[in-house]
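Below is one structure, written out as structure tokens, with a few remarks after it.
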Amino acid sequence: MKGPTLAIIGGSGLYEMGWLEDAEEVSVATPYGLPSDAILRGRVRDGDVTVLFIPRHGRGHRFSPSTINYRANVCALKMLGATHVLSVSAVGSLREEIAPGSLVVVDQFIDHTRHRVSTFFDEGVVAHVGFADPVCPILADAVHHIATEESIPVHRGGTYVCIEGPQFSTRAESMVYRGWGAHVIGMTNMPEAKLAREAELSYATLALVTDYDCWRADTEAVNIDAVIDVLNRNVGHARNVAQRLARKLPDVTTSPAQSALKRAIITAPKLMAPDARARLEWLLGPQG
Ligand SMILES: CSC[C@H]1O[C@H](OP(=O)(O)O)[C@H](O)[C@@H]1O
Ligand SMILES: Nc1ncnc2[nH]cnc12
């Protein structure tokens, strides 16, 4: 068995890691098409794990949240041996106490997207993975611990509501999401986290809070200039946390995410559609 491999999915404002050593660009074709960009594969100084990096929107930010090929991204990372996924994401805050400039290690999601393929098991082979706890607690604890040690303002836990976008929300919608109990809002972590679970990857999100969305009466509503400005000032935090994580990657072999498919596949093996089963070979191995 190969060693642990940390995959980092860079969000808005994070298109390169900077600290990756001996890095090579790997282009991967998947049964779902092409990922957002070539994947950088390298390592961190003083560490022994392999590190993969993919910019979710592509370099130059070419894919909108709805047109990102999430399946290809997750599949490509898995094919390259990923075991852990750190998702870095810009988010708006839906809570007074979560200020722009701080980080949130989220632990729940609400999927409010409408136009995205959100499973690898859509036809021919059916699976229902557990998703009650969508984030790997071991990985999330490690990320939170590092941010705390770095004295970065960070919140442990919070619910991320994922909207379709690309438009920001109306004030009425923002109020509804607050009423649902969400803490932060973004456009990309769904279906990414669902697909990571189906691919038996330990997934955690480091959310960079860039704005107060538009629910606050006395604050200007979110706009892209303000988001980019706060991102540029804080993206270094994400780079540092990711670097330290790569140096001290926790053992997640006991995480439920790593065996999510064990009792999830319901289709009788003999009745699986051959083309669908062949398409899943990267995940399920060769047909027995
Ligand atoms: C640039 S503001 C809106 C954009 O940023 C977030 O993306 P990501 O999670 O990749 O950082 C948000 O979800 C929107 O896609
Ligand atoms: N207010 C917001 N809504 C949705 N996605 C975001 N990304 C950053 N800020 C956001």
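Which of the residues that make up the range 232-241 are at pLDDT 95 or above, surrounded by 14 or more Cβ atoms within 10 Å (Cβ to Cβ) and either within 12 Å of ligand 1 (Cβ to nearest atom) or not aliphatic (A, V, I, L, M) (or both)? Those that are at pLDDT 95 or above, surrounded by 14 or more Cβ atoms within 10 Å (Cβ to Cβ) and either within 12 Å of ligand 1 (Cβ to nearest atom) or not aliphatic (A, V, I, L, M) (or both): V235, H237, A238, R239, N240.
Of all the residues in the range 249-272, those that are open to solvent by 30 Å² or more (accessible area, probe 1.4 Å), in contact (Cβ under 8 Å) with a residue 24 or more places away in the chain and among the hydrophobic types (A, V, I, L, M, F, W, C) number 3.
To keep it simple, each residue is scored yes or no on (1) closer than 19 Å to A140 by Cα; (2) among the β-branched types (V, I, T); (3) free of Cβ contacts under 8 Å to residues at least 24 places away in the same chain.
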residue	(1), (2), (3)
I68	no, yes, no
N73	no, no, no
V91	yes, yes, no
V106	yes, yes, no
F109	yes, no, no
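Against the conditions (1) modelled with pLDDT of 95 or more; (2) in contact with an Asp or Glu (Cβ under 9 Å, 6 or more places away or on another chain), Q287 satisfies every one except (1).
Show me the helices (runs of 4 or more DSSP H) found entirely inside the range 134-220 where at least 1 residues are within 16 Å of ligand 2 (Cβ to nearest atom).
Of the helices (runs of 4 or more DSSP H) lying wholly inside the range 134-220, those with at least 1 residues that are within 16 Å of ligand 2 (Cβ to nearest atom) span 171-179, 189-198.
Screening the range 273-283 for residues that are among the aliphatic types (A, V, I, L, M) and more than 22 Å from the chain's Cα centre (by Cα) and picking the one that is most open to solvent (accessible area, probe 1.4 Å) gives A278. Looking at the range 120-149 only, could you name the residues that are small (G, A, S) and either at pLDDT below 95 or surrounded by 14 or more Cβ atoms within 10 Å (Cβ to Cβ) (or both)? Residues satisfying the conditions are G124, A127, A140, A142, A147. Being surrounded by 18 or more Cβ atoms within 10 Å (Cβ to Cβ) and not in a helix (DSSP H, G or I) is true for just one of V117, V104. Which residue is that? After applying the criteria, what remains is V104. For the range 132-191, a residue qualifies if it is touching a residue at least 12 places away in the same chain (Cβ under 8 Å) and of a type in the set (S, T, Y), and the qualifying residues are T159, Y160, S169, T170, S174, Y177, T188. For the criterion of being touching a Leu at 6+ places or on another chain (Cβ under 9 Å) and in contact (Cβ under 8 Å) with a residue 60 or more places away in the chain, V235 passes.
Just one of (1) buried (at least 20 other Cβ atoms within 10 Å of the Cβ); (2) touching a strand residue (DSSP E or B) at 6+ places or on another chain (Cβ under 8 Å); (3) under 21 Å from S36 (Cβ atoms) fails for D213. It is (3). If you filter the range 1-40 down to residues that are closer than 30 Å to G101 by Cα and open to solvent by 70 Å² or more (accessible area, probe 1.4 Å), you find that the one that is farthest from ligand 2 (Cβ to nearest atom) is G18.
The values are calculated or read from the model by the stated rules, or taken from the named source; none is laboratory data. The structure displayed is predicted, hence computed values, not measured ones. In this analysis, Cβ positions are derived from the backbone assuming ideal geometry, glycine residues included, and neighbour counts consider all displayed protein chains. Remember, those area values only see protein heavy atoms, side chains included, never the ligands or the DNA or RNA. Shrake-Rupley method; radii C 1.70, N 1.55, O 1.52, S 1.80 Å.
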